[in-house]
1. Go through the stretch A:303-347 residue by residue and tally those that are more than 10 Å from RNA strand B (Cβ to nearest atom), under 25 Å from A:Lys53 (Cα atoms) and touching a Gly at 6+ places or on another chain (Cβ under 7 Å).
2. Go through the stretch A:121-135 and report how many residues are touching a residue at least 40 places away in the same chain (Cβ under 8 Å) and buried (at least 17 other Cβ atoms within 10 Å of the Cβ).
3. Go through A:Ser223, A:Ser186, A:Ser175 for me and flag whichever is among the polar types (S, T, N, Q), in contact (Cβ under 8 Å) with a residue 60 or more places away in the chain and closer than 16 Å to A:Phe99 by Cβ.
4. Name the single residue, out of those in the stretch A:229-263 being small (Gly, Ala, Ser) and within 15 Å of A:Thr174 (Cα to Cα), that is surrounded by the most Cβ atoms within 10 Å (Cβ to Cβ).
5. Write out, first by first residue and then by second, each pair whose Cβ atoms fall under 6 Å of each other, whose residues are 6+ apart or on separate chains, and whose first residue, in the stretch A:150-165, is within 17 Å of A:Ile210 (Cα to Cα) and at pLDDT 95 or above while the second is small (Gly, Ala, Ser) and surrounded by fewer than 24 Cβ atoms within 10 Å (Cβ to Cβ).
6. Whether any residue in the stretch A:106-121 is among the polar types (S, T, N, Q) and more than 21 Å from A:Asn60 (Cα to Cα) is what I want to check.
7. Quickly run through the stretch A:186-211 and pick out the residues that are more than 14 Å from A:Gly163 (Cα to Cα), charged (D, E, K, R) and either crowded, with 16+ Cβ neighbours inside 10 Å or touching a strand residue (DSSP E or B) at 6+ places or on another chain (Cβ under 8 Å) (or both).
8. Sort out which residues of the stretch A:122-156 are basic (Lys, Arg) and more than 10 Å from RNA strand B (Cβ to nearest atom), and write them in order of number.
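The values are calculated or read from the model by the stated rules, or taken from the named source; none is laboratory data. Note that this is a predicted model, so its numbers are computed, not measured. Positions of Cβ are generated from backbone atoms using ideal geometry, with glycine treated the same way; all protein chains shown enter the neighbour counts.
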Amino acid sequence: MIEFKILKKSKTSKARVGLLKTSHGTAETPSLVTVATQAVVKTLTSEEIKEVKSQLLICNTYHLHLRPGEAVVKSHGGLHKFMKWQGPVMTDSGGFQVFSLGFGRDFGTGKILKEKREEDIKAGQQPKFLKITEDGVYFKSYVDGREMFMGPRESIRIQEKLGADIIFAFDECTSPIANHEYTKKSLEKTHRWARICLETKKTNQALFGITQGGKFKDLRIKSAEYMASLPFDGFGIGGEFGSNKKTMVQMLNWTLKELPENKPRHLLGIGHLEDIPQIIKAGVDTFDCIVPTHYARRGIAFTSEGRIDLRKASLMKDKRPLDKNCSCSVCQTYSRGYISHLLRAHEITPLKLLTFHNLYFFNTYIEKLRQDIKKGKM
RNA sequence: GGGUAGGUGGCAGAGCGGUCAAUUGCUUCAGACUGUAAAUCUGACGCCUUCGGGCUACGGGGGUUCGAAUCCCUCCCUACCCA
């Protein structure tokens with residue numbers, strides 16, 4: 001079980017500072033949930049995850065089911081023991097893979113649309129590589145090609161074995177090019193799945209329902225209302241977020257207005273640096289995002305002066321740290337020039353150095369925002 | 001001295017008469033990435049351009065041909081083998 005305590009609410013926005021207590025320790029909120037899809041924060045050891053001030057992790061049901069399989073994780077005593085991480089852990093349900101391996105893959109889009117698209121996804125349409133049915137989704141494993149079925153029951157049973165502190169209901173994340181009817185039908189199915197998830201779960205893990213509705217106001221509200229009416233321990237806010245940041249905040253507002261204030265809200269998969277203050281002000285408590293870790297492996301460092309692309313040859317003679325204002329051990333030790341050289345030489349160490357720095361930078365940034373809320377500055 | 005195999009764009013390496021400014025990989029440069037099939041993907045990469053095209057290019061020089069990176073002659077260079 002979890003306990004959520006709000007310590008302070010902002011007077012100028014919907015932001016709040018709180019504590020999310022789990023049987024594996026307490027996380028301060030708002031907080032970035034560090035992505036550990038395959039039970040690892042890519043390139044880091046679990047000790048290092050602590051050093052970068054990450055307080056909670058999110059692993060992935062779909063990926064861990066394929067490899068190594070929940071039975072293996074369970075035989076190690078669950079995710080915490082398996083990966084030697086004693087802090088709070090979430091597992092995402094696999095609902096995002098319904099999108100990312102389905103329509104996301106077909107049309108090459110993420111959850112936020114970057115450019116205008118002519119196509120739209122209509123009710124009844126199926127993705128190329130998987131089949132979505134009333135009971136769940138038929139996937140084709142990218143590991144060995146075998147067909148694999150996952151629905152709400154399967155997802156919950158897997159998540160029970162994985163043993164995270166907080167688990168998510170199985171949903172369908174909808175595409176930004178899905179039309180109103182598709183999104184509506186999908187959301188209704190996600191709602192039916194939500195009830196099945198609640199009925200299936202036997203453990204005392206916290207279960208979060210995921211709201212959908214995409215860019216459509218009526219659907220966002222409908223979904224949030226419905227999820228709020230069910231006895232979930234908290235809520236995930238999922239689905240697509242339109243085509244720009246303004247509308248994203250709008251959609252968040254529609255959703256959050258309907259959710260009970262005393263339960264934690266997790267925004268799924270959003271967290272570019274510039275998004276963070278807005279989503280916190282909208283009242284989001286936790287959010288996960290691949291950006292700090294993913295961009296690190298692409299050679300990008302986030303700093304107080306903006307992004308730096310360390311692949312640029314022009315940085316090779318730069319003796320300065322990634323960020324002169326950062327107190328992480330990478331910035332205390334290594335130069336931009338060194339990291340740039342390692343990257344250009346295709347070494348693997350810079351991926352770790354950048355991952356370490358980016359997470360520390362994001363976590364420190366959010367720590368400061370928590371302080372600001374506490375001090376009434378935000 | 002004799003023999004053999006070669007010399008192609010920053011590098012490696014295809015092509016062996018026209019569709020070749022020249023496959024491909026690497027390098028270089030630019031860009032993308034938001035619940036991670038992601039140490040990945042996309043684009044550019046001789047010079048000039050009013051974007052139609054123009055110019056110079058496959059070791060040097062000469063030749064055959066309507067047409068040569070591709071065939072012939074010659075010179076230079078490289079690797080290996082024999083003396």
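1. So the answer is 1.
2. 2
3. It is A:Ser175.
4. Residue satisfying both the conditions and the ranking: A:Gly239.
5. Qualifying pairs under 6 Å: A:Met150/A:Gly136; A:Gly151/A:Gly136.
6. no
7. A:Lys189, the sole residue that qualifies.
8. Of everything in the stretch A:122-156, those that are basic (Lys, Arg) and more than 10 Å from RNA strand B (Cβ to nearest atom) turn out to be A:Lys122, A:Lys131, A:Arg146, A:Arg153.
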